[in-house]
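In what follows, a single structure is set out as structure tokens and then discussed.
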Ligand SMILES: Nc1ncnc2c1ncn2[C@@H]1O[C@H](COP(=O)(O)OP(=O)(O)OP(=O)(O)O)[C@@H](O)[C@H]1O
Ligand SMILES: [Mg+2]
């Protein structure tokens, strides 16, 4: 077991003062620049160690640079500063947030403080007020930077997903998000996502499956589940969503898999779609309560889907080995490439593969598909329908009952789950190791972990 200790300011040139590491979060680049300039006047005391223009980057960069102070804008387009703050106070308690806004509305102030902000600055920020607020907050936050008050995050490097536990007994899971998507209806997205989610389940691993096919989602049918607490009820409450409450109201499959179903009626999808990142925001809110979050999607390539692929660790792209299936897959792969998603983010799964191509239905050979797409096929799932239909009738995915069965796609679907599991586990361990290497290099002591 390796323990993760809090950040300590490294000093260095600050005279009597410690050097205070500051991070700036504002979607307005001018504001970031002008605060940076103010802080440069007192460079022996303040050092800007990071900056972000949106909430998601703020979370990622803060976890990397571990600042002492974060100056956070309240209004940002993707996540509000309040949401980012409430996540950061859990994930990085050594950092103190100072909220910044043009509004001096007491309501905002109250919400910011409830989220864990330590103080408040009005825009436009004045230099003197900025310096004194940072100094006060830094001083007041001292106990949280000391190791004995840190959450004592521990990482078992052998544990899948490198999960962490804090001293309050709360387990922080890695929350790997896996989106299952096909640009073509009927390719087997729901078959793959339900089996993938069930296949990722193993001892001590917590998996959530979300049905984001908002109008005609089939996850409830595939797993024989119903629920009063669906995306339709939970999406409007996203800002106040409590993790424990969430876990208690989502459905639980007999395998232990947690499932958040889509709306009970297609017309209820409208409200969720009106906020294209609504499902992604729910996931961000509750991610640390799960090891894996698998999301079933519909074939629309829209902003709702892209908000999900943006936050995902892996996208399982499902295609059938047909002309239209491969053409559409190429379009999507090209798009992901233009969006700068790394190639390894995409797991390419061919579904309904005819092993005996002499009896084929005009399907294309895997090697030809790989050549055309300039990439390898990561999973080949045979075209055998009877066991899949039987599994749907029982409400239990084939990977649960038929993972070693030759006449069932259960084996290949389980191989896909093992592949995704191993890849994401490796990602977590890489992060643990690179953190370890960094801390050894900088001599800052043992500071490890994936949060
Ligand atoms: N490997 C397979 N072999 C044979 N049949 C399959 C296979 N995978 C899926 N099917 C069948 O294909 C049909 C569509 O599957 P599924 O509902 O999983 O696809 P989908 O992409 O989610 O569809 P939709 O676009 O309606 O959401 C189902 O009848 C299912 O039984
Ligand atoms: Mg489906």
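Give me the helices (runs of 4 or more DSSP H) completely within the stretch 235-346, filtered to those with at least 1 residues that are loosely packed, with under 15 Cβ neighbours inside 10 Å and on the phi < 0 side of the Ramachandran plot, ordered by residue number. Before you say what the answer is, go through the steps one by one.
Details: elements: 243-249, 269-273, 278-286, 303-311, 323-338.
In the stretch 235-346, 243-249, 269-273, 303-311, 323-338 are the helices (runs of 4 or more DSSP H) which contain 1 or more residues that are loosely packed, with under 15 Cβ neighbours inside 10 Å and on the phi < 0 side of the Ramachandran plot.
Tell me the residue from 209, 257 that is in contact with a strand residue (DSSP E or B) (Cβ under 9 Å, 6 or more places away or on another chain) and within 15 Å of ligand 2 (Cβ to nearest atom), please. It would help to see each step written out before you state the result.
Numbers: 257 fails: within 15 Å of ligand 2 (Cβ to nearest atom).
So the residue among 209, 257 that is in contact with a strand residue (DSSP E or B) (Cβ under 9 Å, 6 or more places away or on another chain) and within 15 Å of ligand 2 (Cβ to nearest atom) is 209.
Considering only the stretch 378-397, state which residues are assigned to a helix (DSSP H, G or I) and within 16 Å of ligand 2 (Cβ to nearest atom). I'd like the intermediate steps shown before the answer.
Pass one, the stretch 378-397, residues assigned to a helix (DSSP H, G or I): 385-394.
Of everything in the stretch 378-397, those that are assigned to a helix (DSSP H, G or I) and within 16 Å of ligand 2 (Cβ to nearest atom) turn out to be 385, 388, 389, 391, 392.
Yes/no per residue for (1) more than 16 Å from ligand 1 (Cβ to nearest atom); (2) touching a helix residue (DSSP H, G or I) at 6+ places or on another chain (Cβ under 9 Å); (3) modelled with pLDDT under 85:
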| site | (1), (2), (3) |
| --- | --- |
| 144 | yes, no, yes |
| 156 | yes, no, yes |
| 168 | yes, no, yes |
| 181 | no, yes, no |
| 208 | yes, yes, no |
| 220 | no, no, no |
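Would you call residue 261 within 22 Å of the chain's Cα centre (by Cα) and modelled with pLDDT of 95 or more?
Working: within 22 Å of the chain's Cα centre (by Cα): yes; modelled with pLDDT of 95 or more: yes.
Yes; evaluated as a whole, the condition is true for this residue.
Hey, residue 201 hits all of (1) at pLDDT 95 or above; (2) more than 16 Å from ligand 1 (Cβ to nearest atom) but one; which does it fall short on?
The one condition residue 201 does not meet is (1).
Output the residues belonging to the stretch 60-84 that are free of Cβ contacts under 8 Å to residues at least 40 places away in the same chain and within 14 Å of residue 24 (Cβ to Cβ).
Of everything in the stretch 60-84, those that are free of Cβ contacts under 8 Å to residues at least 40 places away in the same chain and within 14 Å of residue 24 (Cβ to Cβ) turn out to be 61, 62, 74.
Can you tell me which condition residue 351 does not meet? The list is (1) surrounded by fewer than 14 Cβ atoms within 10 Å (Cβ to Cβ); (2) under 24 Å from residue 194 (Cβ atoms), and all the others hold.
Evaluating residue 351 over (1) surrounded by fewer than 14 Cβ atoms within 10 Å (Cβ to Cβ); (2) under 24 Å from residue 194 (Cβ atoms) leaves (1) as the failure.
Name the helices (runs of 4 or more DSSP H) wholly within the stretch 23-132 that hold at least 1 residues that are out of contact with any strand residue (DSSP E or B) (no Cβ under 7 Å at 6 or more places or on another chain) and under 30 Å from residue 171 (Cβ atoms)? Give the derivation first.
Numbers: elements: 29-41, 55-65, 81-91, 106-115.
Correct list: 55-65, 81-91, 106-115.
Is there any pair with a first residue in the stretch 189-202 that is under 14 Å from residue 421 (Cα atoms) and a second that is outside any helix (DSSP H, G or I) and near ligand 2 (Cβ under 8 Å from one of its atoms) whose Cβ atoms are under 6 Å apart and which are 6 or more apart or on different chains, and what are they?
The qualifying pairs are 193/296.
The values are calculated or read from the model by the stated rules, or taken from the named source; none is laboratory data. Small disclaimer: the values here were computed from a predicted structure and weren't measured. Neighbour counts are summed over all protein chains in view; Cβ atoms, including those assigned to glycine, are modelled from backbone coordinates with ideal geometry.
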